[in-house]
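Notes follow once the structure below has been shown.
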Amino acid sequence: MTHPDPQPPFLVFGAPRIEEAEIAEVEACLRSGWLGTGPRVAQFERDFARWRGVRNSQVAAVNSCTAALHVSMVAAGLEPGSEVITTPLTFCATVNAILHAGLTPVLADVDPVTQNIDPDAIEAAITPRTRAILPVHFAGRPCEMDRVMAIAHKHGLMVIEDCAHAIETEFQGKPAGTFGDFGCFSFYVTKNVVTGEGGMILGRDEEHIARARILALHGMSKDAWHRFGDEGYRHYQVVECGFKYNMMDLQAALGIHQLARVESNWLRRQALWQRYDEAFASLPIGRPAPAQAGTRHGYHLYTVMIDPNRCGISRDGFLDTMNERRIGTGVHYLSVPEHPYYQQRFGWRPEQWPNAMQLGRQTVSLPLSPAMTDDDATRVIDAVRDIVRS
Ligand SMILES: *Cc1c(COP(=O)(O)O)cnc(C)c1O
């Protein structure tokens, strides 16, 4: 007997592609008895440094991008209350990290086409208290780093790049995260390289990274690997008040093999992106801007804009209907000033950054995981077509 109308499996948004190599490495790590920060983290750091073309002493693995952003801003040594200019179209972690570092976030609106922070808006937001710019390479599309760096040099500002979406991103042949003083990467489960939770700090200045390493492990002068390794017990010194932000070998076990497949996964997402782009060309939905010449897009998110006047359905109605069709979606992002905490603390209103507000109220991220099959992509395309046509 066949079941009437069987439900397709739920297509999980951002499902990671985990293969046998990761599973075997995690098992080997467990069997080794060394779960904490150790040889696998060191290897992951070396692999990441080589892949981005920097020295080993320029990277430090941590347990999230949020931690990377926080530690970077502390290591930057900015005086308390300094203003940091960032985008309103980002995850709350970007702004929270600024606050946890004792600094003051200042928002500069995005360009409505690129969805990245608008360099003109950065210039307009500069005050005598501005000390840093924190651009986010949204969806994997690089910010205009030539202009961002020119503004930074002109005003003597530090630059901390939020590369959570931008592991593969390049601007004019140079990797995202290598323009500024710091680049901060995420290996969260939905990101392009996955360690479960995880992050990486990339620094132009080796001394900054040395300080970031100490800050990421309680402010201790030697890490635990050296403390309990086979060379005998070593005393450590606490040289400042740090945090507990170190990555585990268990996490790096995933990352080593994820990073080895970063290019093939990127190619897969690019193919999915192109399929979506062709399929949606004739629909009344907004599509992401094509990758800019001379850059490499990270293809982290494929975002469509649902304008109720053109699509005949609200954005939230679209999300609900996709869910009924058993397809997971995301919203990246409701603009930061939509959230009550920031409204109450800073008096921000979404209308002050109209481009981010408008994008945030219409945007939907479609599944773009390299784990997706061609049939999965067809399901997404058919669902979007049905919803905006009916
Ligand atoms: C995911 C994300 C973060 C935070 O990353 P975690 O590794 O989860 O801490 C920060 N900024 C942006 C833009 C992100 O998408």
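The values are calculated or read from the model by the stated rules, or taken from the named source; none is laboratory data. This structure is a prediction, so every number in the text was calculated from the model and none was measured. So basically every Cβ, Gly included, is an ideal-geometry build from the backbone, and we count neighbours across all protein chains shown. Protein only, heavy atoms only, side chains kept; ligands, DNA and RNA dropped before computing areas. Shrake-Rupley method; radii C 1.70, N 1.55, O 1.52, S 1.80 Å.
Some notes on this structure:
- Counting only Cβ charges, +1 for Lys and Arg and -1 for Asp and Glu, the dipole size of the chain around its Cα centre is about 280 debye.
- When only the Cβ of Lys, Arg, Asp and Glu is charged (+1, +1, -1, -1), the dipole of segment 238-390 relative to its Cα centre reaches about 160 debye.
- Of LEU359, LEU254, LEU283, the residue with the greatest mean-square motion in the GNM of the chain, using alpha carbon springs below 10 Å, is LEU283.
- Taking a ≥ b ≥ c as the square roots of the Cα gyration tensor eigenvalues, the chain comes out oblate, since a/c reaches at least 1.5 and a/b does not exceed b/c.
- Within the assembled protein chains, the solvent-accessible surface assigned to LEU301 is about 10 Å², based on a 1.4 Å probe.
- Computed [θ] at 222 nm, helices only, for the chain once each DSSP H run of length n ≥ 4 contributes -39500 (n - 2.57): -12000 deg cm²/dmol
- Modelled FRET efficiency - R0 30 Å, SER221 with ARG50, Cβ distances, 0.05 increments: 0.65
- Each label was represented as a point 7 Å from its Cα along the Cα-to-Cβ direction; for ASP375 and GLU27 these points are 2.8 nm apart.
- Note on VAL113 and CYS92: with the Förster distance fixed at 35 Å, the Cβ-Cβ geometry gives a FRET efficiency of about 0.90.
- Within the shell defined by Cβ-Cβ distances under 11 Å, the residues around PHE280 carry a net charge of +1, with Lys and Arg each +1 and Asp and Glu each -1.
- Model label points for ALA124 and GLU19, set 7 angstrom from Cα along the Cα-to-Cβ axis, are 4.7 nm apart.
- Of all DSSP bridge pairs formed entirely within the chain, close to 60 percent run antiparallel.
- Neighbours of ILE201 by Cβ distance under 14 Å: Lys/Arg scored +1, Asp/Glu scored -1, total -2.
- Top of TYR276, TYR245, TYR341 by mean-square fluctuation, Gaussian network on the chain, Cα under 10 Å: TYR341
- Accessible area (Å², 1.4 Å probe, nearest 10) - LYS244: 120
- Charged-residue dipole, Cβ positions (Lys, Arg, Asp, Glu), segment 1-154 about Cα centre, Debye nearest 20: 540
- Mean-square fluctuations from a GNM of the chain, with a 10 angstrom spring cutoff on Cα atoms, peak among GLN237, GLN172, GLN58 at GLN237.
- Signed unit charges on C-beta, dipole axis of segment 262-389, positive-most listed residue ALA377, LEU334, TRP353: TRP353
- Net +/- balance of residues flanking ALA67 in space, Cβ distance below 11 Å, scoring K and R +1, D and E -1: 0
- Prolate/oblate/rounded label for segment 153-310 (Cα gyration tensor, a/c 1.5): prolate
- Overall form of segment 134-220 per C-alpha gyration tensor (a/c, 1.5; a/b vs b/c): oblate
- Think of segment 20-260 as having a plus end and a minus end, set by charges on the Cβ of Lys, Arg, Asp and Glu; of CYS184, LEU35, GLY102, LEU35 sits farthest toward the positive end of this dipole.
- When only alpha carbons are used to place a centre, segment 1-58 and segment 299-336 end up 28 Å from one another.
- For segment 262-389, the Stokes-Einstein estimate of translational diffusion at 20 °C and a viscosity of 1.002 mPa s comes to 136 µm²/s, using the Kirkwood hydrodynamic radius over alpha-carbon pairs.
- Per-pair calculated FRET efficiency, R0 = 25 Å: HIS155 and PHE346 via Cβ, rounded to 0.05: 0.65
- Full extension of the chain between GLU278 and ARG234 yields a length gain of 9.8 nm, computed as 0.36 nm times the residue separation minus the alpha carbon distance.
- Leading residue at positive end of dipole, the chain (Cβ point charges), from GLY219, MET322, ILE285: GLY219
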